[in-house]
Structure formats: C-alpha cells, structure tokens
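Structure first, commentary second.
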Amino acid sequence: MDMKTPLSLALVFVSVFVVFCFDHALSTTVTYDHRALVIDGKRRVLQSGSIHYPRSTPEVWPELIRKSKEGGLDVIETYVFWNYHEPVRGEYYFEGRFDLVKFVRTVQEAGLMVHLRIGPYACAEWNYGGFPLWLHFIPGIQFRTTNDLFKKEMLRFLAKIVGLMKEEKLFASQGGPIILAQVENEYELVEWAYGVAGELYVNWAAEAAISLNTTVPWVMCRQEDAPDPIINTCNGFYCDQFTPNSPSKPKMWTENYSGWFKSFGYPIPHRPVEDLAFAVARFFEMGGTFHNYYMYFGGTNFGRTAGGPLVATSYDYDAPIDEYGFIRQPKWGHLCDLHLAIKHCEEYLIRSDPTHQQLGHNLEAHIYYKSSNKCAAFLANYDSELDANVTFNGNLYFLPAWSVSILPDCKNVIFNTAKVVSQRILAHTTTANKLILSATSWSWYMEKPGVWGNNSFTESRLLEQINTTKDTSDYLWYTTSINIMPVQSKEVFLLIESLGHAALIFVNKRLVAFGYGNHDDASFSINEKISLVQGNNTLDILSMMVGLQNFGPWFDVQGAGIFSVVLIDPWNNKYDVSAEEWTYQVGLEGEYLGLHKVIHANSSLWIKGSVPPINKTLIWYKVSFLAPQGNGPLALNLTSMGKGQAWVNGQSIGRYWPAYLSPSQGCTENCDYRGEYDSTKCQKNCGQPAQTLYHVPRSWVHPGQNLLVLHEELGGDPTKISVLTRSGQEICSFVSEDDPQPADFWIPNMGFGSRSPEAQLTCEQGWHITSINFASFGSPQGNCGAFSVGTCHANILSIVQKACIGEEQCSVPVSTANLGDPCPGVLKTLAIEAICSD
C-alpha cells in the first residue's frame, strides 16, 4: 500500500477539490481594469495559444490541449468558422471536426480557459475568410460595412453562437471556460476603404456584441477605435509598444505570430524561438498581462478549407506543436521555461505598473514592486548586434544582444530569452516507417478535356469564375470554337489573361500551356504560339481555383477566372475571342461521378492494369493500401506528383502542388535571430516545394485495406508515393555550467538553493529513450546531430545511459560533482544525443 505523508495527502485533496470545483459549474466573474483581466476579483497574467478545432480531429484534441497546458498555457483561443457551421442559410452543422461545443468542453476538462473569437470574419487563411459564399449572393449585400442586409446576417450568426454557448452553459458566469469573446477581426487594416461607413460599422458591431450579454468581456483585435467597453488588442510580431485606446483597458496581445503560413510556390517561413521569446518577454516587461500565440498548434487545411489565393494545405505555422501534433523543440521547451519564469513574477506584475530604469544605450530595466523591498525585474538589451554587461541593483549581468533576462526577485536570473537550454529535435533524422504503394495495384480514369455533361450552358462572354461555380468546385471549363479560313494563318499567338488562380489550355484537345499566379498576385497571363488547322478548332480552358480570397478591403467581391482571350496573327492582327460564344461546365467529370467516394471504389469506370499511366494531365488514380502499424498520424509523400487533390477513405486531405517550386534565392542557412523579424527573414527550402508531405489523421484509416484516390491535373508518377509514420526521434541537449537552472527549480523567497543547471531529455508520450549516441562533458564541438569530442572531455556515457535508457524523460545535472572534472578551472558543457522510439 502506498503510504503518503500528511503534506502529500493535503496536496492530493487540494488538486481533487480544484478539479471538483471546475467540473461542477461554479460561476466565475470576469471583468478587467487597466492592468489585467480580473477573474473572480483577482488580476491574472495569462498565456494563451490558438488551436483551430477544424484543423485537427476530435480524436487528438485532448492530446493537443494537454501539450498546451504542459507548455504553460492558461487559455486556448479559437476562431468560429461561419461557412462550415452554416453551409446553407438556416442549416447548421456542428459535428465531427466542427463540433465546437465538444472542443470547448475538451478545453474545460483539461482545466484551461477559452477565448472564443466569434467574428464572424476570421481571415485565418481560411476559405473566404470564414464567410459562407451564400452570403455573397444576397442581392444588395455589402460585407463588413453599414449594410443592413449584412448586419442582419452577422447579428443572426453571432446570436446563434452566443445562444449555443449559453445553452451549453459554457460562459464563465455559468461555470464554463469561456472568459473572452471577440467580435470582428483586424478591421482597422481595411477600415480606410469603407470611409465613414466603416467607422459606423465598428460602433454597430460593438453595440451588437454587448447586446448579446455574454457576461464576459468582448475584444476587437487590431482596432484602435474600438468603443468602450470593448477592449482593443494588439496583433503582430511585436506588441511591447502597444497602448490600449483607454487608460481603463488592459494591454492584451491576441496574435503573436509563432511563425507564418505556407503558400504554394514560396519558401517555408521560420521564426527563431530566441526572437519569439524576446517579443513575449518584452511585452510583459512593458506592462502586458494577456498574450496569445498565433498559432500554438496550426494543423491542416483539410479539404478545400484553405484560403487564398494559393495557401498551402499545411497550416503548420512553425508553431510549438507541429502539424502532426508532435512537440517542436526547442520552441516548445524554451517557451515553456519562459512561461514559468513569467508565472514566478505574476504576483508582482498584477500589483503595480512597471518602473522604468535606463541601463545604457538600448539597455533598460522595468521593475515591478510588490512592496518597497520586494520586486521582480526584466532587464532588456534591445540592440540587434551588441552584447552588453549591465549593472542593476549593484550586481553585474551579461545581456546578449536582442534578449531579456527575467529576475523574479530583482536579483537572480532564472531565464534569458537568448539562452536556449531546452532540448532540440533533429527533424531531418526523425525515423519513419515507409510503405511504398505497389505499382500493380493501381487503377485510373482519364478525363477528356472540355465540356463533359448535359448540364453545361453557353454565354456570349467570359464569365467570372466564383459567381459561376459558387465555389462548389475548384474547376470551371471555358470552351469555344475558332474557325480558320483558308487565307488565314494557322500559326498564331494565343494571349489569355486571368484573374487567377491557374489554368490548363488545350487546343484541339491537346495541352499547349499551363499558367498560374502566386499568393501575393493570383492573376497571370499566358502568351503561347499555337498551331491551328483549317476549319473548326476547339479551345478548352480549365480554370482552377486554389482557395478563395480571405483578406483585404472588399475581398468578398474579388474575382477569379479568365477575362480576356485574344489571337494575334503574324501581321499583328488581333482577334478578340472574349465576346464569342463560350460553353461552360462547372467541375470535373470525375467529381460529378464521385470517383473519390468509397462507394465507387469498385466502379467499372476504373481501368486496372499492370502499370498505371504516368505524367498524364487530368487523370484520376486509385489504390488500396495497408496503414502502417501504430497509433500516430500518417503522411503521404507526394513529391512525385504535380498538382491536384487527394482523398483517403473518402476524406479529403486537401490540395497538393509539389510541382510549384519556390524561388532558388532568399533563404538563409543560419538565421540570425537578432533584430526585428518579418515573415521573409528566416526562410527555408528555397528551390523546393512548399509542401511534399500531406497529413492523414490516424482516425481516418482503419485496419485492413484503405482507399487512396488522387486527381492529378498536371502529371506525376503515383507509383513513387509512400505512406509515412513516425516511430521515433533523435533528440539532443547542450547545456553549460553557467546556463540558468531550469525555471521550475525556482522556489519563491528561497531561490534555486544548491541546484545546478540540467540537461533535460523528454520523448513524445509513449516513446522511450532506447540509446545514447553521444555524451561528453567538457568542451564538445559542433551542433546537435554533429557533435564531436573537444580537447576537454569526460566520458560520461555510462552515467547518461543509467539515468536515461528506458525512460520517457530524464535529467542529468551539469556539475562536476555528478560528472567529474576533466579540466579544472575551465567552463564546461554537457552535450547529449539520444534516440527515442516506440
């Protein structure tokens, strides 16, 4: 029988009591003052992180939220996605990935709070910014302005969501986890385009929100003219200089970009954790009390949910938890240490406004006093190049450039933003189980270019694509005939102009050109020399969407598709085909036939052969596969494919486009975190696709045969596709004797005691450390993945093995008492590389 001390029994009682109270709907009041949100009468310092429920699956929500809580978060922030909750006016959907109530309850069960960003405009790189497209077709409507039709629909949806949350008793005053709500979103960035009507709309939106009586504060992010009592908040890479528009409102940061989103044809953005931590520490140093990472987990744009134009299917965002739900190190660990350090200062942060003290050029301190002799301090070096030594309270401190040190007692440094001591994961050595799909098991269906069904229609003009397809499909066929008389030249230039996003051009059913835009400018033109025949010629254009616009003034009326088609003969005579008779067909034949559906897997439409055709345009592929063993997520490696869409067991995993390579220039091998960051500063993978691996949730596959269907638009080789799953990872730690002790060692009023720094290693839950590849104490050289023994070296392999082998996590103190002293008088470092596996 486990014998517990009175203290441990008391702790168990307290934890049970806290959970009991939280689960039994005790009412909580949430207000605010100039310093912070006030929960049940007490100011709170809160760390928050964005997790969008439809960008993952309900099966993994608990795991994502658990990792967020263990990372030091107090709040989970999410948008609400109108277009999927009300796909048809008056018909609501709250199931599966869109079960908002279940998501909020899952957060509550973990003991965290919720910031519900109802909007209903989301942006979020989400299709049409979260607006349902049927809204666009209400006669006379104008979005996000003082338009009565829009305001009526917006208020109706706001009331629907607020009513649902009240019905389920999810607001804090009802014992639920929702402590904040948001109306609108970053309207300040486009308000200028709407003039006075925009100003009136902001006031109306605020009044509409307040009228719903949520009993929790409302915010408007990035909205300087947000009227009282709405809190205006900051979004951006840095918010330390932000000041609310009223002295009665707290300083809040609703979007701190942990990275940036991926776009097809662009390099992969990366934000160094040293800079991210610097931004967070500066915010709290300068008076902030609520901070949110956008994103803490980014996830996946399944199906056609990605916004546009050309936003990639992966919404990984370089977040602390990666697209597949794995912890990204050292980002997660370093931020976790930061959150602990700030939490140790909370009682000081909520008691007073900061006192500023200049320490030198680009050097300063902000001190928070609890009493005249008790304080916490932040020491900052905001120079982008020069390290510094500063004197504070009679003590000397070293401050690396672009860093903040946190002193919870105004004396001891427990965290510096530039000193990363948390473990690292070597992504390029992550082990994976591969399952190559057999070439002999493929089936295919070839589409023919042009109009394919009796639901086509004709117009004597070029039609805008979104108004024509109503976003029921990415595809619209434009087909016309060109008659060449005997005296006319058969060699002409075909000039096609498009608002976006991509197009395949067929002349007499033969592919002659492919054009496309990019995320910043989706429009493009094609100028191609073509050969025609005497008499009748067919011109078939397949115009393709890659996500509806989600941002900008009047984004809801920005068009897509072909707007000009001109023939130019050798004598520069122009023949404008735009006003000729065009036949239109919405969607692909394979979509109409439902080839992606499981019920049609055995249809006679599919052709089966020993070797599938490769490098063909407009071809559907089908194959069955056995999912790799395990419980973790899967990935499809689609490097060998061109552009298209993919489905697993009828579930769309999204659009793919590995043929679209990013520019070869603009990336940095070793990015300097110092100095202000923007999304182009630390790019990776130049000259490579933005995405080659496509997430398949484990819950979407089952034991036995699974169905993979692809529609390939450009041409690729499906036999080279593989299915991957992670079965382990290589982790490493690099900690010196003069590094700060882990922040969780700090005991208020007692300090660190005699504790020394530690190398801490942790595997993903369920994995264990199975081997130690490198261990040295002294002066090890190189970086993680390429360590070597230095001139000073103690062989400590057996010590590390004893502490770590077979463990899910372990720690090794960095001290000569524990590891020996191979070179007295020399500052020593401990370096470890280990393998985690299942």
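For the range 579-693, the equivalent ellipsoid built from the Cα gyration tensor has semi-axes of 36, 23, 14 Å, listed from largest to smallest. Computed over protein heavy atoms with a 1.4 Å probe, the carbon and sulfur contribution to the accessible area of the chain reaches 52%. Summary value for the chain: 12 percent relative contact order, contacts being C-alpha pairs under 8 angstrom separated by 6+ residues. From most to least packed by mean Cβ count within 10 Å, the peptides 471-477, 240-246 give 471-477, 240-246. Counted residue by residue at 0.36 nm each, then reduced by the alpha carbon distance between them, the extension gain from GLU528 to GLN241 reaches 98.1 nm.
The alpha carbon radius of gyration of the range 30-355, expressed as a multiple of 2.2 N^0.38 Å, is 0.94. Cα axis of helix 61-70 to longest principal axis of the chain: angle in degrees, 0 to 90, nearest 10? Relative to the chain, helix 61-70 is tipped by roughly 30 degrees. Pull out a ≥ b ≥ c, the square roots of the eigenvalues of the alpha-carbon gyration tensor of the range 564-614, then state rounded if a/c is under 1.5, prolate if not and a/b is larger than b/c, and oblate in the remaining case. It is oblate, given that a/c is not under 1.5 and a/b is not larger than b/c.
When +1 charges are put on Lys and Arg Cβ atoms and -1 charges on Asp and Glu Cβ atoms, the dipole computed for the range 118-177 relative to its Cα centre reaches about 160 debye. Answer rounded, prolate or oblate for the range 255-412, using the Cα gyration tensor with square roots of eigenvalues a ≥ b ≥ c: rounded when a/c is under 1.5, else prolate when a/b is larger than b/c, else oblate. It comes out prolate by the Cα gyration axes. Restriction of the chymotrypsin sites (Phe, Trp or Tyr not before Pro) in the range 86-158 to DSSP coil positions whose beta-carbon has at most 16 other beta-carbons within 10 angstrom yields TYR92, TYR93, PHE94. Restricting the range 66-161 to GluC sites (Glu not before Pro) that sit in a DSSP loop and have at most 16 other Cβ atoms within 10 Å of their own Cβ leaves GLU95. Both radii come from the Cα set of the range 702-793: Rg as radius of gyration, Rh as Kirkwood radius; their ratio Rg/Rh reads 1.21. As an equivalent ellipsoid, the chain spans semi-axes of 50, 33, 26 angstrom, where each value is the square root of five times an eigenvalue of the C-alpha gyration tensor, largest first. Remark: the ILE138-LYS802 segment gains 232.1 nm on full extension, using 0.36 nm per residue and subtracting the alpha carbon distance. Based on protein heavy atoms only, the chain ends up with 39 Å² per residue of surface accessible to a 1.4 Å probe.
The relative contact order of the range 457-587 comes to 42 percent, based on Cα pairs under 8 Å that sit 6 or more residues apart. Can you pull the percent of Cα pairs in the range 457-587 with separation above 22 Å? I get 34 percent for the Cα pairs in the range 457-587 exceeding 22 Å.
Taking trypsin sites (Lys or Arg not before Pro) as exposed when DSSP calls them loop and at most 15 other C-beta atoms lie within 10 angstrom, the chain has its longest site-free stretch at 170-410. Compactness check for the range 330-427: Cα Rg over 2.2 N^0.38 Å is 1.10. Ordering of 401-409, 784-792 by packing is 401-409, 784-792, highest average first (other Cβ atoms within 10 Å, averaged per residue).
Think of the chain as a dipole: +1 on every Lys or Arg Cβ, -1 on every Asp or Glu Cβ, centred on the Cα centre; then among VAL533, TRP253, GLN241, VAL533 lies furthest on the positive end. Step through the table entries LYS509/LYS597; LYS152/LYS470; LYS151/LYS251; LYS343/LYS684, compare each Cα-Cα distance with 26 Å, and write down the pairs that go over it. Over 26 Å apart, Cα to Cα: LYS509/LYS597; LYS151/LYS251; LYS343/LYS684. A dipole drawn for the range 30-355 from +1 and -1 charges on Cβ atoms has a positive end, and of PRO227, TRP332, VAL114 the residue lying farthest that way is VAL114. The range 348-389 and the range 805-838 have Cα centres separated by 34 Å.
Dipole magnitude for the chain: about 1380 debye, using +1 per Lys or Arg Cβ and -1 per Asp or Glu Cβ, origin at the Cα centre.
Legend: translational diffusion of the range 439-513 by Stokes-Einstein, Rh = Kirkwood radius over C-alpha pairs, 37 °C, 0.692 mPa s; D = 211 µm²/s.
Note on LYS102: lysines with a C-alpha under 26 Å away, same-chain residues under 8 apart excluded, are LYS67, LYS69, LYS160, LYS166, LYS169.
The values are calculated or read from the model by the stated rules, or taken from the named source; none is laboratory data. For clarity, every value in this text was computed on a predicted model and none was experimentally measured. In this analysis, Cβ positions are derived from the backbone assuming ideal geometry, glycine residues included, and neighbour counts consider all displayed protein chains. Ligands, DNA and RNA are stripped out before the accessible areas are found, and what is left, the full protein with its side chains, is counted by its heavy atoms. Shrake-Rupley method; radii C 1.70, N 1.55, O 1.52, S 1.80 Å.
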